[in-house]
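Structure record follows, encoded as structure tokens.
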Amino acid sequence: MSSKETKPSPSESTTEPGALRRFFRRIDFSKGLAQFGVLVLIMLFFSVAEWLVTGRTSFSTSFNIIMMASQASTIAIAALGMTIIIIAGGIDLSVGTAIALCGTVCAWFLREDYGAAVAIPLTLLTGVVCGAVNGMLISFLRVVPFIITLGTMSLFLGIGKLLSGSTTVRPDESSQVPHWLSNFATTSADTTILGLPPGVWTLLAIAVLTYLFLRYSVFSRYIFALGSNESTARLCGINIPLTKIALYALAGFFVGLAGMYQFSELSEGSPTDGVGLELKVIAAVVIGGGSLNGGRGTVQGTLIGSYLIFVIDNGCTKIGLPNHLTDITLGVIIITAVAIDQWRQRRLERS
Amino acid sequence: MKRFAVLLLALALFGCSEANHSGTGPNGEKIYRLAVIPKGTTHEFWKSVHYGAEQAAKEIGNVEIVWRGPQLENDRKGQISVVQNFIGSVDGMVLAPLDSQALVSPVSQVVDQGIPVLIFDSGLNDTSKIVSYVATDNYKGGALAARRMGEILNGEGDVILLRYNEGSESTQQREEGFLETLKEEFPNINILSSDQYAGTTPQSSLSKAKQMLDTFKNEVDGIFAVCEPNAAGTLQALKDLNLTGKVKLVAFDPNAELVAGLSNDSVHGIVLQDPVAMGYKSVKNLIAHMQGEEVEQRIDTGEFVATPENKDEERMQELLHPPQFGE
């Protein structure tokens with residue numbers, strides 16, 4: 001539970017060192033402030049680079065900044081759920097195919113004329129069930145989450161293919177998909193509210209709720225305890241299996257939402273559309289300061305991490321960097337983030 | 001430490017992108033910056049498209065090509081991001097949509113921002129906003145395959161059509177073109193089977209082709225495989241069952257083994273597309289449109305059949321081994 005509050009560093013009580021140094025000591029990665037600084041720096045870098053390379057300034061327009069937010073929202077929603085899992089010391093590799101399964105469920109029920117009032121709740125329910133299945137398998141089989149979710153990754157992909165008949169499920173866009181859903185996360189002018197697409201507002205609202213949940217709820221205490229030290233948590237009287245099932249099911253709700261975002265973006269459902277997505281989701285949490293050792297991770301950090309992935313993609317496209325350099329850049333940033341995190345951990349242990 | 005890391009990263013990125021272009025060329029004329037977006041960047045076909053696009057850019061002079069595909073092949077979301085990310089930073093866009101439906105709304109977003117879009121290789125469901133559609137006529141390609149088959153079999157015999165995959169539009173048109181042309185022009189050719197799907201990989205095609213060929217091995221005279229992975233699997237199946245030469249194979253799109261097969265009597269015809277022309281005509285026509293000229297709605301880039309007889313002709317060699325960008 002160490003990281004929820006910033007540990008006052010011993011130097012703060014003394015008069016030395018200077019204010020600036022104290023300020024930098026205070027910038028704690030678990031609070032997301034440092035990540036925000038990095039994000040701003042990288043965005044500044046791309047603004048200048050685009051101008052230098054192409055003579056244009058389309059990166060730093062509000063249109064582009066909002067568009068990146070709407071592109072990032074699918075990953076960001078799923079990454080919020082993943083943050084909860086990672087705080088609890090778990091991992092979910094099945095998140096990508098589960099998102100695609102949820103998107104396929106959404107498309108299938110719309111195509112079969114059940115309407116959005118049925119399709120959306122069932123999409124969310126699918127996500128919760130996927131999460132609960134993960135949680136139950138992890139608890140009852142006592143196998144590490146990495147292996148279980150590696151298995152369910154393939155399982156969800158298979159179920160998706162079964163449901164879709166191994167092809168893409170396309171509801172008719174004009175008659176079967178409600179207007180609000182197909183424009184949920186796009187930046188087209190007629191559906192935005194105060195400049196932002198409804199999908200981005202929903203993401204922000206969910207992020208606030210998740211923040212409050214992680215900060216004030218009793219259940220979140222259990223999650224932090226579980227991730228910090230499972231045996232201690234057990235000795236404290238926490239029902240470990242039940243907690244795990246509940247938290248994976250909760251994260252599954254986020255996956256269901258992400259599935260809805262994905263459907264809205266593609267206006268069709270395909271079970272293979274989520275392959276590889278899990279890596280982006282996990283990367284978002286890790287860049288945001290989440291620790292795969294458990295016990296640490298924040299909402300702010302995860303949101304910034306998700307946004308950063310799309311900023312890099314967008315910026316590299318604007319400059320005209322070839323594909324392989326985008327991959328390399330993202331890889332360097334992920335490793336840098338983890339390296340800084342490790343360095344900070346060691347510094348905390350020393351002090 | 002972290003500031004240092006960011007600085008390093010910034011330097012690394014600057015190092016990679018030193019070229020300095022502005023909106024105008026050395027003589028003050030406008031430079032058109034065009035995004036060319038393939039379905040993926042690793043397949044040889046796209047490298048030839050890239051070559052053609054660069055050829056056109058070189059010819060016109062004041063055109064800069066920005067070549068960028070989705071990070072992964074078949075990544076629809078990735079391609080949508082690429083399309084959106086170019087808003088504001090290019091003057092025009094040439095796109096091969098991975099999906100005829102999912103790309104409709106991003107394309108309209110781009111067009112609404114004043115950037116003209118030309119579609120190539122595969123169609124888009126809504127063509128109301130695009131400049132033109134530059135592609136192979138797949139129906140005609142299928143018809144060519146049927147005529148080649150009729151020619152090899154002298155107008156009579158039994159053939160199998162091995163389909164590709166459910167829901168793939170381009171191959172469906174090839175299949176239709178093949179079946180309808182056979183029916184009309186070669187009434188004495190009997191179709192043994194036309195309802196089996198080989199799947200998307202050479203592996204799945206191999207097992208399906210084996211099943212089919214084994215079932216009909218006493219009657220079958222010819223087989224048409226509608227795309228490259230499909231034909232690769234079928235050729236392997238013919239070899240495994242010792243049927244090469246006895247069963248005539250007509251393929252669609254080349255690979256090294258299929259081309260070699262033309263010389264050793266295991267492949268009897270390959271329908272060819274012209275990826276270089278696809279890249280070339282796409283860029284040419286988009287620029288023409290941007291300079292106010294009228295452009296045709298649908299531009300065919302041509303279909304050809306390579307046979308053991310004509311394979312050494314210069315034009316066929318060009319199509320069998322199309323030049324690739326970066327070679």
Legend entry - Among residues of region A:174-186, those that are within 11 Å of another protein chain (Cβ to nearest Cβ) and more than 24 Å from A:A69 (Cβ to Cβ), counted: 1
Inset, instruction - Quick one: B:K246 ticks every box in (1) without any contact (Cβ under 8 Å) to a residue 40 or more places away in the chain; (2) under 17 Å from B:A198 (Cβ atoms) except a single one, so which number is it? - result: (2)
Legend entry - Complete set of residues in region B:203-247 that are of a type in the set (A, V, I, L, M, F, W, C) and either under 17 Å from B:L153 (Cβ atoms) or touching a Pro at 6+ places or on another chain (Cβ under 8 Å) (or both): B:L213, B:F216, B:V220, B:I223, B:F224, B:A225, B:A232, B:L238, B:L243, B:V247
Inset, instruction - Quick one: in region A:329-347, of everything that is exposed (fewer than 15 other Cβ atoms within 10 Å of the Cβ) and either at the interface with chain B (Cβ under 9 Å from one of its Cβ atoms) or among the aromatic types (F, W, Y) (or both), which residue is nearest to the chain's Cα centre (by Cα)? - result: A:A339
Inset, instruction - Within region A:126-174, track down each residue that is at pLDDT below 95 and β-branched (V, I, T). - result: A:V143, A:V144, A:T167, A:T168, A:V169
Legend entry - Scan of region B:90-114 for residues that are at the interface with chain A (Cβ under 7 Å from one of its Cβ atoms) and touching an Asp or Glu at 6+ places or on another chain (Cβ under 7 Å), ordered by number: B:Q101, B:A102
Inset, instruction - Just need a number here: residues in region B:60-89 that are in contact (Cβ under 8 Å) with a residue 60 or more places away in the chain and either within 13 Å of another protein chain (Cβ to nearest Cβ) or not in a strand (DSSP E or B) (or both). - result: 3
Inset, instruction - Return a yes/no flag: does region B:317-327 have any residue that is touching a Pro at 6+ places or on another chain (Cβ under 9 Å), surrounded by fewer than 15 Cβ atoms within 10 Å (Cβ to Cβ) and either outside the structural domain of B:R147 (by TED's automatic domain parsing) or at pLDDT 95 or above (or both). - result: yes
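Among strands (runs of 3 or more DSSP E) lying entirely in region B:138-248, which contain 3 or more residues that are more than 25 Å from B:M278 (Cα to Cα)? Reasoning before the result, please.
On the way: elements: B:157-163, B:189-197, B:222-225.
Fully inside region B:138-248 and qualifying: B:157-163, B:189-197.
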Inset, instruction - Within region A:70-89, identify whether any single residue is within 12 Å of chain B (Cβ to nearest Cβ), over 19 Å from the mean Cα position of the chain (by Cα) and more than 30 Å from A:L155 (Cβ to Cβ), and answer yes or no. - result: no
Inset, instruction - Check A:L277, A:L325 and return the single one that is surrounded by fewer than 24 Cβ atoms within 10 Å (Cβ to Cβ), among the hydrophobic types (A, V, I, L, M, F, W, C), within 14 Å of another protein chain (Cβ to nearest Cβ) and in contact (Cβ under 8 Å) with a residue 24 or more places away in the chain. - result: A:L277
Legend entry - Qualifying residues in region A:208-235 (those that are part of a helix (DSSP H, G or I) and among the hydroxyl-bearing types (S, T, Y)) - the one nearest to A:L80 (Cα to Cα): A:T210
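The values are calculated or read from the model by the stated rules, or taken from the named source; none is laboratory data. In this text, all values refer to a predicted model and were calculated from it rather than measured experimentally. Glycine gets a Cβ as well: all are built from the backbone with ideal geometry, and neighbour counts include every protein chain shown.
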